[in-house]
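**Student:** Quick one: structure below, then a few questions.
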């Protein structure tokens with residue numbers, strides 16, 4: 001029997017895979033808008049996900065990829081306990097949310113146990129975008145005011161009211177800053193205009209200036225508890241405490257967006273706003289709340305929630321907080337506790353950060369590393385002081401060759417962003433650090 005041409009066979013197999021991906025991409029482009037982009041938009045680089053489990057995703061050939069992006073699959077892809085809870089509830093009952101249901105009530109009670117006592121009321125919806133819209137509407141109903149304050153680089157969702165307070169999406173097109181929204185600088189103590197111990201107070205003073213300038217007009221101040229799309233920006237010490245003081249002295253409500261950073265991701269706390277020792281008036285929740293099942297919520301004070309009646313109607317959301325979503329949410333809360341995922345976030349996050357610090361020591365391209373728990377960022381800056389966008393995407397794409405999935409974010413697209421499923425392990429972290437060092441060595 002003649003020897004097989006292994007290289008030729010592998011080339012044919014690779015061509016078949018590329019052909020399949022090319023075909024799928026063409027079919028996708030034929031039926032979906034080009035504005036609905038993918039992480040890797042080419043037939044050669046695109047990841048075709050066939051299935052997922054835990055912290056891993058698998059392509060059509062069964063190759064395993066470590067997922068460092070997915071803060072939606074919070075307790076792991078296809079978590080068996082969440083899947084079982086959803087399946088059991090779907091076999092029992094699933095309809096709209098306007099009927100009395102024990103599962104929904106139990107979930108509400110269990111969720112509120114994780115919040116300060118002042119935050120005692122929950123309203124459900126289906127996405128973080130809806131949660132932002134609902135929070136802004138409630139702030140207007142409660143205060144009788146219609147203007148808002150948000151941060152540069154902030155992102156809070158894709159519905160119109162959320163885009164209004166999402167400068168991350170104001171890029172010169174149809175989405176622009178509306179007249180009722182006032183912008184203040186994101187409190188970036190690394191690259192921003194204020195640095196040092198009093199950076200938080202100085203940035204907070206800008207919020208106070210807007211409130212004073214628009215006296216009696218501002219309804220709410222909205223910000224993520226750690227800024228995600230703005231570049232994994234850690235709020236300076238004392239920033240939110242000073243901002244909230246200015247707001248409350250002037251009747252302005254405070255909205256903490258925990259859609260990306262909540263549910264124990266920061267490790268030491270259940271909610272990232274707790275890192276700043278504050279209690280918001282309204283908290284928005286989404287993404288990880290039900291491990292990928294469509295669900296979101298706002299948690300607020302009773303008197304603010306009751307202001308909904310000022311809209312002239314009752315609050316109703318066809319699918320928001322339905323029994324199946326509530327069952328998924330209950331399973332997520334239980335899994336966070338039973339599997340000690342907050343503790344895991346702390347321990348694995350420390351391994352990542354130590355490794356990132358070493359990476360920074362050896363590579364001038366790495367300007368800063370930051371984060372809490374499993375919400376981390378690496379900022380890349382070129383020797384001329386400009387953001388290293390091309391290098392960031394190069395690192396991302398080369399890591400994919402090592403079957404590691406990571407994202408790039410920030411207004412300058414120079415931040416390597418990590419927000420993996422909370423079940424990621426120390427061994428995973430060491431593997432990533434080894435590959436990162438190899439990739440950065442090729443950039444020198």
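**Student:** Looking at region 80-338 only, what percent of DSSP beta bridges run antiparallel? Nearest 5 please. Could you put the intermediate results ahead of the total?
**Tutor:** Numbers: 10 of 25 bridges.
Of all bridge pairs located within region 80-338, approximately 40 percent are antiparallel.
**Student:** Can you compute the FRET efficiency between residue 176 and residue 350 using 1/(1 + (r/R0)^6), with r the Cβ-Cβ distance and R0 = 45 Å? Round to the nearest 0.05. Walk me through the numbers before you get to the answer.
**Tutor:** Numbers: r = 42 Å, r/R0 = 0.93.
According to the calculation, E is roughly 0.60.
**Student:** Using only the Cα atoms of region 80-338, build the gyration tensor, take square roots of its eigenvalues as a ≥ b ≥ c, and label the shape rounded, prolate or oblate: rounded if a/c is under 1.5, else prolate if a/b is larger than b/c, else oblate.
**Tutor:** Numbers: a/c = 1.89, a/b = 1.54, b/c = 1.23.
Cα axes put region 80-338 in the prolate bin.
**Student:** Using a cut-off of under 19 Å, list every residue of region 327-356 whose amide N is near the label point 7 Å from the Cα of residue 93 along the Cα-to-beta-carbon line.
**Tutor:** 327-331
**Student:** Between residue 24 and residue 217, what is the label-to-label distance in nm when each label sits 7 Å out along the Cα-to-Cβ direction?
**Tutor:** Computed distance between label sites residue 24 and residue 217 equals 5.1 nm.
**Student:** Within the chain, what percent of beta bridges assigned by DSSP are antiparallel, to the nearest 5?
**Tutor:** Working: 32 of 49 bridges.
Percentage antiparallel, nearest 5: 65.
**Student:** A further question follows. Hey, can you rank 386-393, 435-442 by average C-beta count inside 10 Å, highest first?
**Tutor:** Numbers: 386-393: 17.4, 435-442: 15.6.
The peptides rank, most packed first, as 386-393, 435-442.
**Student:** By how many degrees, between 0 and 90 and to the nearest 10, does the Cα long axis of helix 80-92 differ from the longest principal axis of the chain?
**Tutor:** Tilt relative to the chain: about 60 degrees.
**Student:** Another one. I'd like the FRET efficiency for residue 382 and residue 431, computed as 1/(1 + (r/R0)^6) with the beta carbon distance as r and R0 of 25 Å, rounded to 0.05. Spell out each step's value before the answer.
**Tutor:** Working: r = 28 Å, r/R0 = 1.11.
It comes to 0.35.
**Student:** Moving to a separate point now. What angle do you read, to the nearest 10 degrees and between 0 and 90, between the alpha-carbon axis of helix 426-443 and the longest principal axis of the chain?
**Tutor:** 70
**Student:** Evaluate the distance, in nm, between pseudo-label points positioned 7 Å from the Cα of residue 303 and of residue 205 along their respective Cα→Cβ axes.
**Tutor:** If labels sit at residue 303 and residue 205, their model points lie 3.2 nm apart.
**Student:** With a 10 Å radius around each residue's Cβ, average the other Cβ atoms per peptide and rank 263-270, 62-69, 224-231, highest first.
**Tutor:** Details: 263-270: 23.1, 62-69: 17.4, 224-231: 25.1.
Highest-to-lowest ranking by the protection proxy: 224-231, 263-270, 62-69.
**Student:** Roughly how many nanometres apart are two label points built 7 Å out from the Cα toward the Cβ at residue 33 and residue 390?
**Tutor:** Reported label-point gap for residue 33 and residue 390 is 3.2 nm.
**Student:** Follow-up question, since we're still on this one. Which FRET efficiency, nearest 0.05, do residue 401 and residue 319 yield, Cβ-Cβ r, R0 51 Å?
**Tutor:** Values: r = 40 Å, r/R0 = 0.79.
Computed FRET efficiency for residue 401 and residue 319: 0.80.
**Student:** Still on this structure, please answer the following. Among 111, 275, 24, which one shows the biggest mean-square fluctuation in a GNM of the chain, springs joining Cα atoms closer than 10 Å?
**Tutor:** Largest GNM mean-square fluctuation: 24.
**Student:** Another question, if that's okay. Per DSSP H run of n ≥ 4, the term is -39500 (n - 2.57); total these for the chain, divide by its residue number, and report the mean residue ellipticity at 222 nm rounded to 500 deg cm²/dmol. Could you put the intermediate results ahead of the total?
**Tutor:** Working: 12 runs with 170 residues, N = 444.
Taking each H run of at least 4 residues, the total per residue is -12500 deg cm²/dmol.
**Student:** Which angle between 0 and 90 degrees, to the nearest 10, do you get for helix 128-143 versus the longest principal axis of the chain when only C-alpha atoms count?
**Tutor:** For helix 128-143, the angle is close to 10 degrees.
Read-outs: derived from the displayed coordinates by stated rules, not from any lab. Please read all numbers here as calculations on a predicted model, not as lab measurements. Virtual Cβ from ideal backbone geometry, glycine too; neighbours counted across all protein chains shown.
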